[in-house]
Amino acid sequence: MEESGPALRYESLRVMLRMIYPSESSNLKEVLNEVSLAGHIASALASPRSKDLCIVASALQLVHLVLDKLPDLYTPLFRREGVVHEVEKLSKIKSDSPVSMPPVRSSPSVIASLRDGNSS
């Protein structure tokens, strides 16, 4: 039964991603108002990295998606629930991989703006 914990957590994150991605922000705000999603994401990000990389990756995708759709609601929640702290911890982990990857170039860093206190 010990193995079912991480598998269940991963599947729950995948289901949330599938439900949130196509949803309109107004509907999400109403539905997620009563759910402790930020705490669940913080817990997933704090998973032991060596065993649960797919959990951490899914949680990061969920952070990005939720902040894209509901930044005003989830920016303070992610700060309060420790999501920002967990992402910062992840950003400081040194890779053991011998392969050197170029930096990812995408939209401005959501977490950097959270850390600096900007909500947009």
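The values are calculated or read from the model by the stated rules, or taken from the named source; none is laboratory data. No experiment lies behind these values; they were computed from the predicted model shown. For neighbour counting, all protein chains shown are included, and Cβ atoms are generated from backbone atoms with ideal geometry for every residue, glycine included.
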Using beta carbons and a limit of 9 Å, which pairs, at least six apart or on different chains, have the first residue in region 19-40 and within 19 Å of residue 59 (Cα to Cα) and the second one aromatic (Phe, Trp, Tyr) and assigned to a helix (DSSP H, G or I)?
32/74; 37/74; 38/74; 38/78
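For the structure I just gave you, tell me whether residue 27 is among the polar types (S, T, N, Q) and at pLDDT 90 or above.
Yes, satisfied.
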Residues that are surrounded by fewer than 16 Cβ atoms within 10 Å (Cβ to Cβ), at least 3 per element: which helices (runs of 4 or more DSSP H) completely within region 1-92 meet that?
4-20, 25-32, 53-69, 71-81, 83-91
Members of region 66-111 found to be modelled with pLDDT of 60 or more and farther than 23 Å from residue 17 by Cβ, listed by number
92, 94, 95, 96
